[in-house]
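Asker: Next up is a structure, given as structure tokens.
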């Protein structure tokens, strides 16, 4: 498993003191406050302060002293060590664990590879099969089982056929 996980996307500077506005990619926005250090493009930053509202987090990081410095991080992903992440409830997984998984039917037929998961009210999976790209929601009955160890996402073929869209 990957050592780091993406925990947020930096939206913009917040204020003049170098604080970053971050869109958390965690189940609970407030969970981002639990991290004491984060990584941006592989570089480690100590979290000096963190606060949240219902949709965003605001972090002050070591080495980012003003708005101009913070502006350089706009649009970048923020990562943290998996070992420092909050424990997940049973049946919950980090998106990074799903990327690269083989998508197979219950009969074992390989139908593609998961290349992305888009966060929405219902997560939307992006699947690649050769040159073709498909999207499908994590709607009820589509996902049968996920095996993180074997990197296999088993799908119900009949239910998938009802919801899949080719890009």
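The values are calculated or read from the model by the stated rules, or taken from the named source; none is laboratory data. Here the structure is a predicted model, which is why all the values come from computation and not from measurement. Note that each Cβ is placed from the backbone with ideal geometry, even for glycine, and that neighbours are counted across all protein chains shown.
Asker: Does residue 70 satisfy being in contact (Cβ under 8 Å) with a residue 12 or more places away in the chain, part of a helix (DSSP H, G or I), surrounded by 14 or more Cβ atoms within 10 Å (Cβ to Cβ) and touching a strand residue (DSSP E or B) at 6+ places or on another chain (Cβ under 8 Å)?
Answerer: yes
Asker: Something else: Test residue 112 against the stated conditions and say whether it is part of a loop (DSSP other than H, G, I, E, B) and assigned by TED's automatic domain parsing to the domain that holds residue 144.
Answerer: Details: part of a loop (DSSP other than H, G, I, E, B): no; assigned by TED's automatic domain parsing to the domain that holds residue 144: yes.
Here the answer is no, as residue 112 does not meet what is asked.
Asker: Let me confirm something: among 60, 103, 50, which residue is assigned to a strand (DSSP E or B), buried (at least 18 other Cβ atoms within 10 Å of the Cβ) and free of Cβ contacts under 8 Å to residues at least 40 places away in the same chain? Can you show your working first?
Answerer: On the way: 60 fails: free of Cβ contacts under 8 Å to residues at least 40 places away in the same chain; 103 fails: free of Cβ contacts under 8 Å to residues at least 40 places away in the same chain.
Going through 60, 103, 50 in turn, just one is assigned to a strand (DSSP E or B), buried (at least 18 other Cβ atoms within 10 Å of the Cβ) and free of Cβ contacts under 8 Å to residues at least 40 places away in the same chain: 50.
Asker: Sort out which residues of the stretch 1-39 are in a loop (DSSP other than H, G, I, E, B), more than 25 Å from residue 99 (Cα to Cα) and out of contact with any strand residue (DSSP E or B) (no Cβ under 6 Å at 6 or more places or on another chain), and write them in order of number.
Answerer: 15, 16, 17, 18 - these are the residues of the stretch 1-39 that are in a loop (DSSP other than H, G, I, E, B), more than 25 Å from residue 99 (Cα to Cα) and out of contact with any strand residue (DSSP E or B) (no Cβ under 6 Å at 6 or more places or on another chain).
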